[in-house]
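Here's the structure, in structure tokens; my notes come after.
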Amino acid sequence: MAKMIKNVDFHCESNNTAHRTIEITSKQLIVRRGQTFLLTLEMMQAFKDHEKLILAVETGSAPSEKLGTRSEFGNPSPMYASEVKAIWKYSIDKSANLQWGIVTLSVTPPADAPVGRYSLSATTASEKKALGTLVVLFNPWCSDDWVFLPDEKERQEYVLNEQGTIYFGTAGYLRPMAWDFGQFEEEMVDICLKMLNINPKHSKDPADDVSARCNPIYVGRVVSAMINCNGDRGVLLGRWHGDYVDGVHPTHWTGSVSILQRWYQNNCHPVKYGQCWVFAGVMCTVMRFLGIPCRVVTNFQSAHDKNSSLTIDEYYDDFGIKTSETKDSVWNFHVWVEGWMKRPDLKKGDKYDGWQVLDPTPQEESEGAFCCGPAPVTAIFQGDTDLKYDVPFVFAEVNADMVKWLLSTGGLKRKMHSDTSTVGQKISTKAIGSNMRNDITNLYKHREGSQKERASFKRAISRVNSDDDPEESSGDEPLKVDMKFQEETKMVNGQDIKLNLKLSNKEHRNKTMSIRVNAQTMRYNGKPANNIQSTFQVKTLLSGQAVIVPVHIPFSVYSKHMVSCDSLKVSAVAFDQKQDDDIYETETDIMLEDPPISIKVIGEARLFQTLTMEVEFTNPLNVTLRNCSLTVIGCGLFRSDYVEGKIRELEPNATMTLKITTVPYRSGLRTVLADFDCSAFRDVKGSSTVHVK
């Protein structure tokens, strides 16, 4: 057969710019579904618009028109059977010059095309020719795509922004942490598509799996499962205690790219180690790359309800120390992501469209896989716990009730009090277009204690336990003694902790109180690590009066424990000596503030020209810091992690000043992130914004 097609031009630069994928690459065609792109075929001779020109696209190992993974389209227009899905189309573009044989086509992938890598071929009257490959992504700019997001500022933030902020700490001491998503680094194409291709559903039924990639609900569940390695060849291995020497401590990470690169380069063996914010940060990178709008969300005082009771039971001994009887847990914070998509599968019109919770941290199985969601935020808000996917689990995380019990040495169990408002506080995500915190608690639940919030809780309980009538909580009797901790000084790592415990007698009689105060170092997932200090004293409370009990925890007491822990829990249990049933408990979770690390750019930052930065850290202690190391990253600035290993020690009260050079390879607003690790302070973070011209 005579050759007719001499050359093909994918117009990668202009197409990728129009499809907002140019940040990834200009070397391969990456388009968004539902949006046209240009393709030019240079013919050996003049071409007439009625001549035969059929294009065919195929994705996956078993392409099929019925599954939407193959489409033949063009002139003459094929006759499609009724069951054919995802039909592509083209028209001859006005820029074509047919008499010179320049056939420029305007090609449109349908808004429901499966995402992934496609091969493209052309058939003319005299030949069939493979033209090359292209990648198709979801399109939040296309109103027919299930991930359509109407607001341009939101699309800029939740799809295109490569930097973000993840919140951590405790409800009383929340902290921002800069995170480098880096979804448009060039190798993300191969990494994210590899993740889809090795998921267990693909191994089981490749044709069906590739076909289902038209659906962001399905893709969200696959990605959620593949970020952790429980039951598959996923990216990260989680660890919440013990030794991390055979991997990287979860607090060390400051971005997703290094993690995804290690996984891909190491034949998809899991990277050690992750915890919730790491899982969520990496998932956000993959979702944004694929074109599903995504944001990272932190829930403070986050409940882990093991038995779907929507109630968290906590048990304490006489000293106020949490016991091993406690199976449920309340984490200082827990981090997940929200993906934006329609939910036609729930058959309620557009009621449950919008933000959906997806949680890649492996906690409980969902339909046989360690994934969670998508759970509509609207369903969580309304208490619709009978909907897919995993709504009861997420509802409990943000709105479970807590009951605290005292377990005496004889095994006697006494209820101290119940609490309907502690779980689910300050639910936070980065604000659009700034580094401010956006509190979105009101999207997850009505105001705590309001009638609407209690009605939503009752509705949730009744739908989880459909056989039971929800019990109306009788509530606790008014407290006769009000007890709470107050800060006396700022909570800074390296300094003594000073608190006051204030007890106020609400009764018209004097009370003699036995008071036990206990301090424990904690892991952020609510698990105690070490009991570091306990005190006991007796105080007389006069009628209607208050008394202050000072609490002092020296740095020397907590220092060696806090290097491997995340927070301090200071708790108090008080007994009325004359009325044994009168028991009071209060606690506070303290997140210590690390000493600052500064990073600044010296001079102007220009593309492909050497850039110098200065990192500075002062040792605030009267002891030498040992095993010091500094890691600096930034997508568009460093192609791999920059590690400075020369600074092994830092003398007492001395200042470390380091100059670092790099060559920026992408222009625009970039973030550089520094991590300083040593014997006394674990992974101190700093960041700075750089405008590369």
inquiry  = Show me the ranking of peptides 650-661, 592-603 by mean Cβ neighbours inside 10 Å, starting with the highest.
reply    = 592-603, 650-661
Kirkwood estimate for the range 557-647, i.e. one over the average of 1/r between Cα atoms, Å = 18.3 Å
query = What accessible area per residue, rounded to a whole number of Å², is obtained for the chain using a probe radius of 1.4 Å?
reply = 42 Å²
key: q = 0.11, 0.16, 0.17 Å⁻¹: log10 I(q)/I(0) that the Debye formula gives for the range 306-402, counting C-alpha atoms only   = -0.37, -0.71, -0.78
message = Could you tell me the center-to-center distance, by alpha carbons, between the range 652-693 and the range 257-324 in angstrom?
response = 26 Å
remark   = One would report the Cα pair-distance distribution of the chain, bin width 10 Å, in %, as 3, 14, 22, 22, 18, 11, 6, 3, 1, 1, 0
query = So which aspartates and glutamates pass the test for Lys6, namely a Cα distance under 17 Å, with those fewer than 8 places away in the same chain ruled out?
reply = Glu42, Glu51, Glu127
query = Hey, which aspartates and glutamates would be in cross-link range of Lys646, C-alpha to C-alpha under 18 Å, not counting anything within fewer than 8 residues on its own chain?
reply = Glu614, Glu616, Asp675, Asp677, Asp683
remark   = Nearest 10, in degrees from 0 to 90: the angle of helix 216-227 to the longest Cα principal axis of the chain is 60 degrees
ask   = Each label point is 7 Å from the Cα along the Cα-to-Cβ direction; what then is the distance between the points at Glu187 and Ser121, in nm?
value = 3.3 nm
note = Once both label points are put 7 Å beyond Cα along the C-beta direction, the Val623-Leu607 separation in nm becomes 5.0 nm
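Grab the beta carbon distance between Glu487 and Asp246, set R0 = 41 Å, and tell me the FRET efficiency rounded to 0.05.
Details: r = 39 Å, r/R0 = 0.95.
Working from the Cβ atoms, E equals 0.60.
Tell me, what is the percent relative contact order of the chain, built from C-alpha pairs under 8 Å that lie six or more residues apart?
Values: 1720 pairs, mean separation 62.6, N = 693.
With pairs under 8 Å counted, the relative contact order is 9 percent.
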Residues whose placed amide H lies under 5 Å from that of Cys214, excluding near-sequence neighbours = Val115
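Please report, in debye to the nearest 20, how large the charge dipole of the range 66-141 is about its Cα centre when each Lys and Arg carries +1 at its beta carbon and each Asp and Glu carries -1 there. Display every interim value, and only then the final one.
Numbers: 8 positive and 5 negative charges, 22 e Å.
Computed charge dipole of the range 66-141: roughly 100 debye.
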³J(HN,Hα), Karplus 6.51/-1.76/1.60, whole Hz, each residue of the range 189-196, x for Gly, Pro = 4, 5, 5, 5, 6, 4, 4, 5
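Could you calculate the FRET efficiency of Ser14 with Gln495 from 1/(1 + (r/R0)^6), where r is the beta carbon distance between them and R0 is 45 Å, rounded to 0.05?
0.20
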message = Given points 7 Å out from each Cα along the Cα-Cβ axis, report the Leu669 to Ser106 separation in nanometres with one decimal.
response = 3.4 nm
key: Residues whose placed amide H lies under 5 Å from that of Lys89, excluding near-sequence neighbours   = Thr108
query = Across the range 388-399, in residue order, what do the Karplus-derived ³J(HN,Hα) couplings come to in whole Hz, using 6.51 cos²θ - 1.76 cosθ + 1.60 with θ = phi - 60° and x for Gly and Pro?
reply = 7, 10, 6, 4, x, 5, 6, 4, 5, 4, 9, 8
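As a test of understanding, state the convex hull volume per residue of the range 542-693 from its alpha carbons, in Å³.
Cα-based convex hull of the range 542-693, divided per residue, equals 176 Å³.
Compute, for the range 256-383, the length of the dipole vector about the Cα centre, with Cβ point charges of +1 (Lys, Arg) and -1 (Asp, Glu) only. Units Debye, rounded to 20. Before the final figure, lay out the partial values.
On the way: 12 positive and 15 negative charges, 157 e Å.
With Lys and Arg at +1 and Asp and Glu at -1, about 760 debye.
Can you list, largest first and rounded to whole Å, the semi-axes you get for the range 41-193 by taking the square root of 5 times each eigenvalue of its Cα gyration tensor?
Values: eigenvalues 331, 62, 45 Å².
For the range 41-193, the semi-axes come out at 41, 18, 15 Å.
A 24 angstrom limit on the alpha carbon distance is what I want to check against. Which of Lys413/Lys569; Lys85/Lys153; Lys415/Lys458; Lys94/Lys693 exceed it?
Values: Lys413/Lys569 22 Å; Lys85/Lys153 33 Å; Lys415/Lys458 22 Å; Lys94/Lys693 36 Å.
Result: Lys85/Lys153; Lys94/Lys693 exceed 24 Å.
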key: Zone of Arg414's modelled label, taken as backbone nitrogen in the range 558-575 under 11 Å from a point 7 Å along Cα→Cβ   = 574-575
query = Dipole of the chain, Cα-centred, from +1 at each Lys and Arg C-beta and -1 at each Asp and Glu C-beta, to the nearest 20 debye?
reply = 1120 debye
task = List, in order, the whole-Hz ³J(HN,Hα) value for each residue of the range 449-458 obtained from phi through the Karplus relation with A = 6.51, B = -1.76, C = 1.60 and θ = phi - 60°; use x for Gly and Pro.
result = x, 6, 4, 5, 5, 5, 5, 5, 5, 4
Among Phe289, Phe279, Ser302 the positive-end extreme of the charge dipole of the range 154-306 (Cβ point charges) = Ser302
Residue (of Ile597, Leu625, Gln35) at the positive-pole extreme of the chain, dipole from beta-carbon charges = Gln35
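Figure the gain on full extension for Gln579 and Lys539 (residue separation times 0.36 nm, minus the Cα-Cα span) and round it to one decimal in nm.
Going from the current span to full extension adds 12.9 nm.
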key: Alpha-carbon spread of the range 523-593, three principal axes, descending order, Å   = 43, 23, 18
key: Virtual paramagnetic centre 7 Å along Cα→Cβ of Glu364, amide N under 19 Å, in the range 269-283   = 276
inquiry  = Sort 265-276, 435-446 by the packing proxy (mean of other Cβ within 10 Å over each peptide's residues), most packed first.
reply    = 265-276, 435-446
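Can you tell me which of 140-150, 162-172 comes out highest on packing, and rank the rest after it, using the mean Cβ neighbours within 10 Å?
Values: 140-150: 18.8, 162-172: 22.3.
For the peptides 140-150, 162-172, the packing ranking is 162-172, 140-150.
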request  = Take the range 26-90, compute every pairwise Cα distance, and split them into 5 Å bins from 0; I just need the percent in each bin.
outcome  = 4, 13, 21, 23, 19, 13, 6, 1
query = Cα centroids of the range 179-231 and the range 552-583: how far apart, whole angstrom?
reply = 45 Å
key: Amide H contacts of Gly101 (H built 1.01 Å from N, under 5 Å, at least 5 apart or other chain)   = Phe47
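The values are calculated or read from the model by the stated rules, or taken from the named source; none is laboratory data. The model shown is predicted, which means the values in this text are computed figures rather than measured ones. Glycine gets a Cβ as well: all are built from the backbone with ideal geometry, and neighbour counts include every protein chain shown. Side chains included, ligands, DNA and RNA excluded: accessible areas come from the protein's heavy atoms. Shrake-Rupley method; radii C 1.70, N 1.55, O 1.52, S 1.80 Å.
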